[in-house]
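Colleague: Sharing a structure below in structure tokens format, with a few things to ask.
The values are calculated or read from the model by the stated rules, or taken from the named source; none is laboratory data. Keep in mind it's a predicted model, so treat the numbers as computed, not measured. Glycine gets a Cβ as well: all are built from the backbone with ideal geometry, and neighbour counts include every protein chain shown. Ligands, DNA and RNA are stripped out before the accessible areas are found, and what is left, the full protein with its side chains, is counted by its heavy atoms. Shrake-Rupley method; radii C 1.70, N 1.55, O 1.52, S 1.80 Å.
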Amino acid sequence: MDFRGNEDAGVYRLTPEIALVQTADFITPVVNDPYVYGQIAAANALSDVYAMGGIVKCALNLMMWDSCRIPQEYASAILEGGLSKIKEAGGVLVGGHTVSDSEQKYGLSVSGIINPQRIWRNNGAQVGDVLVLTKPIGMGVLTTALKANMLDSKVADKISRIMAALNRKACEIAKDFDIHACTDITGFGLLGHLSEMLNPKINIHLDSQSIPLVEEAIEFAKMGIIPGGSCGNERAIKHLCEFRLKSDSKFRDLEILLFDAQTSGGLVFALPQGQVKMLLERLKEAGIESAQMIGVVESRVDTLTQVRIFVE
């Protein structure tokens, strides 16, 4: 067994050509509609298989039902939403487990397959690689605003669509390219997950203006509508980051958005510079309009400092 690194899912080799990819994840409600919540929770769990380059095969429901406050028809809608995403992923629901809980939670245990010679690890980025992000950030701030009834229905619908979108298409398209590393952006935020992509030979240099962001998150971040998880992310990895933001940067004085805890965020690919243009064209043709080149991987020269991620 190899427990080095911080991979998004576990991989167990069955044959020289086939390995099992396994993961489990569940979340508390992030939107008001129970069906959409089920979709988002399922997409969030399925994403870890895609972050490894795998193919979803089957899933088990993980349901912690707050039966005192969540009526049975709501619980059924949550499960229906989750099932819709399992089917969209090409997988099969094979069972699950429900327990009573004082706080509502839902997610999946997911199994997939992958060629063990073609696993995308999250720390294999090479000097000269370019980083491509497939979904915008800002979901933590905006779902926090939604819970406080501060978000209008149009923005709520927009972020629901983003979070419910599977990373399947992005994964399938990227398999035609030389992906050196990949991860999905979830609870540790953009910078947290990028810190897991570091290896002893590299630094990461980000262009803040290129990072896709749901613009409405800026207003709420200025108001201090920040989830606790985002603050925890900042405390955990700020020592690895150096900000050189220009006065016109949308993240100036709002660096917290780069630590913002996401739900069902996008994939980040590290791949050779010469392949980036074609990857972005393919992603956008498939309807993944938010996909952007957000930074580059550089050689680590100064090994005396802890700073490894530079944001301009």
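Colleague: Quick check of the Kirkwood formula: for the stretch 179-260, what is the inverse mean of 1/r over all pairs of different Cα atoms, in Å?
Modeller: 13.6 Å
Colleague: Within the stretch 62-87, name every residue whose backbone N is under 12 Å away from a label modeled 7 Å from Cα of LEU93 along the Cβ vector.
Modeller: Residues 62-63, 75-87 qualify, since their backbone N sits under 12 Å from the label point.
Colleague: Determine the shape class of the chain: with a ≥ b ≥ c the square roots of the Cα gyration tensor eigenvalues, call it rounded for a/c under 1.5, and otherwise prolate if a/b is greater than b/c, oblate otherwise. Walk me through the intermediate numbers first.
Modeller: Details: a/c = 1.74, a/b = 1.18, b/c = 1.48.
Cα axes put the chain in the oblate bin.
Colleague: Which length gain, in nm to one decimal place, applies between LYS238 and THR15 when the Cα-Cα distance is subtracted from 0.36 nm times their residue separation?
Modeller: Result for the pair: 76.1 nm of gain on full extension.
Colleague: Can I ask one more? Sequence neighbours fewer than 8 away in the same chain don't count; with that in mind, list the aspartates and glutamates whose C-alpha is under 14 Å from LYS250.
Modeller: Within the straight-line limit of under 14 Å, LYS250 reaches these aspartates and glutamates: ASP207, GLU215, GLU216, GLU219, GLU312.
Colleague: Also: Is the stretch 46-170 rounded, prolate or oblate when judged by the Cα gyration tensor, a ≥ b ≥ c being the square roots of its eigenvalues, rounded requiring a/c under 1.5 and prolate requiring a/b larger than b/c?
Modeller: Oblate shape, in that a/c is at least 1.5 and b/c is the bigger or equal ratio.
Colleague: Evaluate the charge dipole of the stretch 46-185 about its Cα centre and quote only its size in Debye, nearest 20, assuming +1 on the Cβ of each Lys and Arg and -1 on the Cβ of each Asp and Glu.
Modeller: 180 debye
Colleague: May I ask you to give the solvent-accessible area per residue for the chain, in square angstrom, as obtained with a 1.4 angstrom probe?
Modeller: Averaged over the residues of the chain, the accessible area is 45 Å².
Colleague: Also, quick follow-up: Within the stretch 45-189, what whole-number % of the accessible surface is contributed by carbon and sulfur, with the 1.4 Å probe and all protein chains included in the calculation?
Modeller: It is 52 percent, rounded to a whole number.
Colleague: Between the stretch 267-312 and the stretch 85-151, what's the alpha-carbon centroid distance in Å?
Modeller: Taking the Cα centre of the stretch 85-151 as reference, the centre of the stretch 267-312 is 20 Å away.
Colleague: Over 23 Å between Cα atoms: which of LYS147/LYS238; LYS147/LYS222; LYS154/LYS222; LYS135/LYS175; LYS175/LYS201 fall into that group?
Modeller: LYS147/LYS238; LYS175/LYS201
Colleague: Report the full-extension gain for the segment ASP207 to ASP176: residue separation times 0.36 nm, less the Cα-Cα distance, to one decimal in nm.
Modeller: Numbers: separation 31, 0.36 × 31 = 11.16 nm, distance 2.56 nm.
Full extension of this stretch gives 8.6 nm more.
Colleague: Right, something else. With an 8 Å cut-off on Cα pairs and a minimum separation of 6 or more residues, tell me the relative contact order of the stretch 224-312 in percent.
Modeller: For the stretch 224-312, the relative contact order is 46 percent.
Colleague: A follow-up question, please. Rounded to the nearest 10 Å², what accessible area does HIS97 show when all protein chains are kept and the probe is 1.4 Å?
Modeller: 120 Å²
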